[in-house]
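Here's the structure we're looking at; comments come further down.
The values are calculated or read from the model by the stated rules, or taken from the named source; none is laboratory data. Everything numeric here is computed off the predicted structure, so don't read it as measured data. Here Cβ is always computed from backbone atoms with ideal geometry, including for glycine, and neighbour counts include all displayed protein chains.
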Amino acid sequence: MSEKKNPLLAKKKAATSSKQNIVIILAAVVLFAIFYLINPGFASQGNLLTMAKSFVPYAILALGVTFVIATGGIDLSIGTVCIGSAVLAGAICKTGVSMDDGILWLTIPIIVLTGMAFGLINGLLVAKCKLAPFIATLGTMLVSRGLTAVISEALRETSSAVKYPTTGWMQKVFTNANGFPIGIVWVLGLTIICMVVMYKTKVGRYILAIGSNEEAARLSGINTDKYKIIAYMIGGTFAGIAALFYVASNPSLTIAAGNGMELDAIAGVYIGGTSTTGGSASIVGTILGSMILVIIRQGLNIALSSGSVVSATNITYAVTGVIVVGAVMLDVLKKKSAAKVKIPVAEKKAEAPKA
């Protein structure tokens, strides 16, 4: 029975999602307090601004890939597409510290459209060519990294980093508006848009229906291929948008920049409560999950910065891995528990002894 026909089911899911979000918020507060006690500098204005700059591109990447994961798929290419689209746009427009603002503006549509194009390719490979999402997006991850390297080097005739301006309107629009992390405002706006699309539009409902039961969705008349493609295009487009915020904070880019971004983004989605097998998604949870990862990463960097022989990056990977496995295990246990209590009435009647 659908949530539209069963409001009690919808309320139950909303209550569960709210509880998950509250738990994540409490965990974030506890982690923040622990890192503050270890080093009070963790709560300094400079560190908070650094965390905000780091949070924004990962949160936007995570928002986009939430739509993909909601279908029961995965997109491993969003990290390389994010960086690759920025490198490609920079190479085409010959970006540099003395670049004219008119030229710099051209990088925005190039970056976003490049991300969307790779999302379309992923969608076609998964929906029309029937490739497994893992294989399809692993392939485009490698292709996007290789092609952007070849094209950018051919256009620039050098293998050095592509450079965007370090100061100017791009920083004020996407990262730091007179000391305020303006990227947070963008994230809030994109979060609201994603919530409306996921929960209030046909696109979102069909994406969730595909993740819940693709065959049932197809038999009910939903063009499953079309909405899978849309989901991957949303993921690719958001990878392009995330690139705008990344280059505003990191103006010097190489092909290897941002390796592993896709894993952090996907981890944030899983931690936030989106089902690993699709069918349910938490947009707010995705943002909170991304926030948890940024707190852990920056907190460990500060805690292990002085006199430690252990790499904070490696410890962060280990901690993130444990959290992701725990989140997936909770999702599996939750589904098993739900399956046990959902006994059809007809089945009950069949099992009842005859008088």
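Here are the numbers for the structure shown:
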| item | result |
| --- | --- |
| Pairs, first on the phi < 0 side of the Ramachandran plot in segment 262-281, second among the small types (Gly, Ala, Ser) and assigned to a loop (DSSP other than H, G, I, E, B), C-beta under 6 Å, six or more apart | Gly272/Ser282; Thr274/Ala281; Thr274/Ser282; Thr277/Gly72 |
| Index of the failed condition, Met291 passing every other in (1) closer than 19 Å to Leu26 by Cβ; (2) not in a helix (DSSP H, G or I) | (2) |
| Qualifying residue in segment 102-121 (condition: modelled with pLDDT of 80 or more, surrounded by fewer than 13 Cβ atoms within 10 Å (Cβ to Cβ) and part of a loop (DSSP other than H, G, I, E, B)) | no |
| Segment 37-57 residues that are farther than 27 Å from Glu262 by Cα, paired with ones that are of a type in the set (A, V, I, L, M) and part of a helix (DSSP H, G or I) (beta carbon under 7 Å, 6 or more apart) | Ile38/Ala303; Asn39/Ile302; Asn39/Ala303; Gly41/Ile302 |
| Checklist (1) in a helix (DSSP H, G or I); (2) modelled with pLDDT of 90 or more applied to Ser18, failing item | (2) |
| Single match in Leu263, Leu244 (criterion: of a type outside the set (S, T, N, Q) and crowded, with 21+ Cβ neighbours inside 10 Å) | Leu244 |
| Selection from segment 225-241 of residues that are more than 19 Å from Leu147 (Cβ to Cβ) and either of a type in the set (Asp, Glu) or crowded, with 23+ Cβ neighbours inside 10 Å (or both) | Asp225, Tyr227, Lys228, Ala231, Ile234, Phe238, Ile241 |
| Whichever residue in segment 169-188 is free of Cβ contacts under 8 Å to residues at least 60 places away in the same chain and assigned to a helix (DSSP H, G or I) and, among such residues, is surrounded by the most Cβ atoms within 10 Å (Cβ to Cβ) | Lys172 |
| Residue among Tyr36, Tyr58 that is touching a Gly at 6+ places or on another chain (Cβ under 8 Å) and assigned to a helix (DSSP H, G or I) | Tyr58 |
| Odd one out for Ile69, checked against (1) at pLDDT below 80; (2) surrounded by 24 or more Cβ atoms within 10 Å (Cβ to Cβ); (3) among the β-branched types (Val, Ile, Thr) | (1) |
| Residue in segment 127-139 that is buried (at least 19 other Cβ atoms within 10 Å of the Cβ), in contact with a Leu (Cβ under 7 Å, 6 or more places away or on another chain) and either touching a residue at least 40 places away in the same chain (Cβ under 8 Å) or under 26 Å from Ser212 (Cβ atoms) (or both) present | yes |
| Residues that are more than 16 Å from Ile292 (Cβ to Cβ) and in contact with a helix residue (DSSP H, G or I) (Cβ under 9 Å, 6 or more places away or on another chain), drawn from segment 20-50 | Ile38, Asn39, Gly41, Ala43, Asn47, Thr50 |
| Candidates Val269, Val197, Val284, Val203 - the one that is out of contact with any Gly (no Cβ under 9 Å at 6 or more places or on another chain) and either in a helix (DSSP H, G or I) or surrounded by 22 or more Cβ atoms within 10 Å (Cβ to Cβ) (or both) | Val203 |
| So Ser308, is it modelled with pLDDT of 80 or more and surrounded by fewer than 23 Cβ atoms within 10 Å (Cβ to Cβ) | no |
